[in-house]
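Here is the structure we will look at, set down as structure tokens.
The values are calculated or read from the model by the stated rules, or taken from the named source; none is laboratory data. Because the structure is predicted, anything quoted here is derived from the model rather than measured. A quick note on method: Cβ atoms are made from the backbone with ideal geometry, for glycine too, and the neighbour counts reach across all protein chains shown. We work out accessible area using only protein heavy atoms, side chains counted, and drop any ligands, DNA or RNA first. Shrake-Rupley method; radii C 1.70, N 1.55, O 1.52, S 1.80 Å.
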Amino acid sequence: MKRIVVQGGTDGMGRATALVCLGRGDAVTVVGRDEAKGKSFLAEAAEIGAEGRASFIRADLSLISENERVIEVVRDAYPVVDALVLCARHYLSRRRETAEGREATFALFYLSRYLLSHGLRERLEKAERPVILNVAGPGSPVGKIHWEDLEFTRAYDGLAAQMQSGKANDLLGAAFADRHGAERTRYVLINPGSVSTSFSGEYDAETQRHIDMMKRVAKPVAAGIAPIVEALYAPPAAPLSALVEGRPMDVRDRSFDVHDARRLDERTRELLGR
Ligand SMILES: NC(=O)c1ccc[n+]([C@@H]2O[C@H](COP(=O)([O-])OP(=O)(O)OC[C@H]3O[C@@H](n4cnc5c(N)ncnc54)[C@H](OP(=O)(O)O)[C@@H]3O)[C@@H](O)[C@H]2O)c1
């Protein structure tokens, strides 16, 4: 039985992946903000006879302190973690700071993934074929790291903030593999393509129209999660991989530049005071 943690597992692809894993007999902990969604996940788990293997941690993962708490709860619950699936994101058309003073998109879509990837690494290393699946946006032609203003204190733009975090996750994977590539845990970046999910976010009217259209035309969640489930149960051999709609992408692409990866890793550690 695998022990799987799904960040953003209360909705969309995270939730669907969690249910597939429960159906295969594994133990799954989902993390999300919404109590009602957490309860509904647990009810669905009970319907398939998996109530003893399913759990929900309610947490606002845009807060560093909440990530630290989640890491402790998971460490206490699981001596070994086989897979960490990273799916939480929340689009913000208007800039917002968390109670800890961090720009919220950067905090949730990048910092949380940084903290959980590193914070659960020691538990992952105890598994036979451990894997981190960071579901984000490798291969996207859009987005860049705003080195001079990572948290958009000057000119915030919701799309630019979201796309920057996608690029930051590419570099997170590259830095993780750079530092820990000789160890067991495999890091897989996954771009599922357009998938009709809840598209968690707070949108201005124009972006909302675009999201409504996306929900109509995007592929169903079951198709979107196929590469996630495949990589979870058969992790690639390489320390770092990137999949775009199931197809491998060359990780020598400059999105995974090791110097940029080390630079962002250093900036992140400074910012976290580590
Ligand atoms: N859908 C697409 O077309 C698409 C395309 C490319 C990449 N992706 C990537 O795929 C991943 C999954 O996307 P999705 O569309 O399946 O997600 P989704 O339906 O929008 O669900 C987002 C998840 O994030 C959680 N979440 C949001 N804010 C949170 C917070 N502050 N703290 C904790 N959890 C929070 C939500 O839980 P609560 O509501 O319970 O807080 C929910 O479980 C994302 O990383 C996304 O960037 C998606």
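A few comments on the model shown:
- Residue 49 meets the conditions (1) assigned to a helix (DSSP H, G or I); (2) open to solvent by 50 Å² or more (accessible area, probe 1.4 Å); (3) over 18 Å from residue 125 (Cβ atoms) in every case but one. The failed one is (1).
- For residue 68, the conditions (1) touching a residue at least 12 places away in the same chain (Cβ under 8 Å); (2) within 13 Å of the ligand (Cβ to nearest atom); (3) out of contact with any strand residue (DSSP E or B) (no Cβ under 9 Å at 6 or more places or on another chain) are fulfilled apart from (2).
- Within segment 122-159, the only residue that satisfies the criterion of being in contact with a strand residue (DSSP E or B) (Cβ under 8 Å, 6 or more places away or on another chain) and among the basic types (Lys, Arg) is 129.
- Of all the numbered requirements in (1) within 20 Å of residue 88 (Cα to Cα); (2) surrounded by 14 or more Cβ atoms within 10 Å (Cβ to Cβ), residue 157 misses one, and that requirement is (2).
- Hey, residue 85 farther than 30 Å from residue 207 by Cβ and within 15 Å of the ligand (Cβ to nearest atom) or not: no
- Here residue 89 fulfils each of the conditions (1) over 16 Å from residue 9 (Cβ atoms); (2) in contact (Cβ under 8 Å) with a residue 60 or more places away in the chain; (3) part of a loop (DSSP other than H, G, I, E, B) apart from (1).
- Tally, over segment 1-39, of residues that are within 10 Å of the ligand (Cβ to nearest atom) and either under 22 Å from residue 111 (Cα atoms) or open to solvent by less than 60 Å² (accessible area, probe 1.4 Å) (or both): 19
- Qualifying positions in segment 92-137 - within 11 Å of the ligand (Cβ to nearest atom) and either open to solvent by 40 Å² or more (accessible area, probe 1.4 Å) or more than 14 Å from the chain's Cα centre (by Cα) (or both): 92, 96, 98, 104
- Test for residue 181: is it touching a residue at least 24 places away in the same chain (Cβ under 8 Å) and buried (at least 17 other Cβ atoms within 10 Å of the Cβ): no
- Among the residues listed as 148, 72, the single one being exposed (fewer than 13 other Cβ atoms within 10 Å of the Cβ) and part of a helix (DSSP H, G or I): 72
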